[in-house]
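So the structure is just underneath, and the comments pick up after that.
The values are calculated or read from the model by the stated rules, or taken from the named source; none is laboratory data. The structure displayed is predicted, hence computed values, not measured ones. As a convention, Cβ positions derive from the backbone with ideal geometry for all residues, glycine included, and neighbour counts pool all protein chains shown. Accessible surface areas use protein heavy atoms only, side chains included; no ligands, DNA or RNA. Shrake-Rupley method; radii C 1.70, N 1.55, O 1.52, S 1.80 Å.
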Amino acid sequence: MNDPASTPFIIELARNLHASGSPAYELDQRMESVARSLDNPASFFSTPTAIFVTFEAESHSTRLIRVYPVDANLAKYARLYELQREIDEESLSIEEAWSRLKQIERTDDEYPMWLNVIAYGLAASAIAVLVGGNSIVQGTSGAIGLIVGLVVSILLRFNFPTHLVNVISGFVAMVCAGACHSYFPGGSVTLTVLSSLIVLVPGLQLTVSINELATQNLASGSARFAGAMTTLLTMIFGVVMGHGFVTTLVNVPPSALPQPANMTASVFALLPITVAFGVLFRARVRDGFWIMLSMLIAFAGLRGTSEFLGPFGAVSVAALTVGVVSNLFARWKGLPSAIMLMPGLLLLVPGSLGFFGMSAILIGDDFPGGLRFLFNTMLTAVSIVAGLLMSEVVFPSEGPASTWRTMTPSAPLADERAVDKDK
């Protein structure tokens, strides 16, 4: 006999999971498991802008929950995952689950605005190292990244629409990059703009959309793919406007060619990237080690196999490795695999290729070259998804708990509850 209070709880938990960045193929499965554990079975169908829920006890009606796309919140996601796990183990009553959920909702996972701005600058300067920018590109990218972070933070504080934030950010980044390189020639305007906007480039969103399509979540995958392309287009539109504006005021020199990234410098650049994305994804400080380890694994897998398998094969192997390690982490620690998976994928996602492609077409008037970049973007995304799908075959993120019972921190309590129930 299900508790009537479980219905609003299930709906609110689904809303919070969506708000923390859960993709459709995870949200639907986990919420259906929670609903069964609460003796209130339900079917879920989620998209980036809505969740549909049909309870078996109310099969004559379907509930629509309006939601909005938001940035990932790894700290909240981890707390919600722990709550789900305890519900599945039948260790919480509905009253206790409600109390925990309200506590999670009241927890402030936001880092201060000044720290978010610094994270933009750190990410920009570190990414400039990975994409082969010289010292001029690295310095200007960091400075412009700080400016972009400040602009984004202020606009979001005043509730500006996301698409308008992207346009303004692209415009500001291009104007600043053009002005800087007119006084400090020898750098690359394109690499500088890309690095300073890298936090806003929707490479991860594009990869998640392809993964949703591959797992037959067609509605959510199509909507998320359209959203990723719209974000990229609005950002490039701002860059194009900024290019036209700055070139009428100053003489912007030709960009220098990218240099091969230095291996030692690239490894050291992973530390500021870890800090930056940990802040921007609102991860818990105690998860910082796992985030750093995930990035090292992705970097080593990509660089170690690129000479033998080519770029797409290397990306797929790196994604497979990160996926398996993330699933191992999830089964061992009882935490969501996204804590390790999402940061690792950030080094693999093809957002920069999409940016180069759009820039080549709209600014460089190089349609064949831009189209080649865009085609490589899709192939890279598909390669990542192929690796992730294989990782679920090699080592699934969820499986029989008995295999990992002795390694899971909460396992002894679960075993004691089972013994008490038998008594």
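Pairing each residue of the stretch 47-61 that is farther than 30 Å from Phe225 by Cβ with any residue that is open to solvent by 10 Å² or more (accessible area, probe 1.4 Å) and in a loop (DSSP other than H, G, I, E, B), provided the two are 6+ apart or on different chains, yields C-beta distances under 6 Å for Glu56/Pro41.
Only one residue in Val131, Val148, Val117, Val167 is closer than 22 Å to Leu271 by Cβ and either of a type in the set (D, E, K, R) or in contact (Cβ under 8 Å) with a residue 60 or more places away in the chain (or both), so which one is that? Spell out how you get there, then give the answer.
Numbers: Val148 fails: either of a type in the set (D, E, K, R) or in contact (Cβ under 8 Å) with a residue 60 or more places away in the chain (or both); Val117 fails: either of a type in the set (D, E, K, R) or in contact (Cβ under 8 Å) with a residue 60 or more places away in the chain (or both); Val167 fails: closer than 22 Å to Leu271 by Cβ.
Going through Val131, Val148, Val117, Val167 in turn, just one is closer than 22 Å to Leu271 by Cβ and either of a type in the set (D, E, K, R) or in contact (Cβ under 8 Å) with a residue 60 or more places away in the chain (or both): Val131.
Yes/no per residue for (1) modelled with pLDDT of 90 or more; (2) crowded, with 22+ Cβ neighbours inside 10 Å; (3) part of a helix (DSSP H, G or I):
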site: Phe289; (1), (2), (3): yes, no, yes
site: Ser294; (1), (2), (3): yes, yes, yes
site: Ile297; (1), (2), (3): yes, no, yes
site: Arg303; (1), (2), (3): no, no, yes
site: Val315; (1), (2), (3): yes, yes, yes
site: Ala319; (1), (2), (3): yes, yes, yes
site: Leu328; (1), (2), (3): yes, no, yes
site: Ile339; (1), (2), (3): no, yes, yes
site: Gly344; (1), (2), (3): no, yes, yes
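Just checking, which of Ala219, Ala228 is of a type outside the set (S, T, N, Q) and open to solvent by less than 30 Å² (accessible area, probe 1.4 Å)?
Numbers: Ala219 fails: open to solvent by less than 30 Å² (accessible area, probe 1.4 Å).
On inspection, the qualifying residue turns out to be Ala228.
Residues that are free of Cβ contacts under 8 Å to residues at least 40 places away in the same chain number at least 2 in the following helices (runs of 4 or more DSSP H) confined to the stretch 188-255: 203-214, 218-247.
In contact with a strand residue (DSSP E or B) (Cβ under 9 Å, 6 or more places away or on another chain) and more than 25 Å from Ala119 (Cβ to Cβ), is that true of Ala223? Step through it out loud before you land on a result.
On the way: in contact with a strand residue (DSSP E or B) (Cβ under 9 Å, 6 or more places away or on another chain): yes; more than 25 Å from Ala119 (Cβ to Cβ): yes.
The answer is yes for Ala223.
Restricting the search to the stretch 1-53, which residues are assigned to a loop (DSSP other than H, G, I, E, B) and open to solvent by 20 Å² or more (accessible area, probe 1.4 Å)?
Filtering the stretch 1-53 for residues assigned to a loop (DSSP other than H, G, I, E, B) gives 1-5, 20-23, 38-41, 48-49.
Those that are assigned to a loop (DSSP other than H, G, I, E, B) and open to solvent by 20 Å² or more (accessible area, probe 1.4 Å): Met1, Asn2, Asp3, Pro4, Ala5, Gly21, Leu38, Asp39, Pro41, Thr49.
Being over 24 Å from Gln138 (Cβ atoms) and in contact with a helix residue (DSSP H, G or I) (Cβ under 7 Å, 6 or more places away or on another chain) is the filter; apply it to the stretch 234-261 and report the residue that is surrounded by the most Cβ atoms within 10 Å (Cβ to Cβ).
Initial filter on the stretch 234-261 (over 24 Å from Gln138 (Cβ atoms)): 234, 237, 240-241, 244-245, 248-249.
So of that shortlist, the ones also in contact with a helix residue (DSSP H, G or I) (Cβ under 7 Å, 6 or more places away or on another chain) come out as 234, 237, 240-241, 245.
On the way: Thr234: 21, Phe237: 17, Val240: 18, Met241: 16, Phe245: 13.
Here the answer is Thr234.
Can you go through Leu115, Leu64 and tell me which one is of a type in the set (A, V, I, L, M) and touching a helix residue (DSSP H, G or I) at 6+ places or on another chain (Cβ under 8 Å)?
Details: Leu64 fails: touching a helix residue (DSSP H, G or I) at 6+ places or on another chain (Cβ under 8 Å).
That would be Leu115, the only listed residue that is of a type in the set (A, V, I, L, M) and touching a helix residue (DSSP H, G or I) at 6+ places or on another chain (Cβ under 8 Å).
Total residues in the stretch 112-142 satisfying the condition of being open to solvent by less than 50 Å² (accessible area, probe 1.4 Å) and farther than 25 Å from Phe299 by Cα: the figure is 2.
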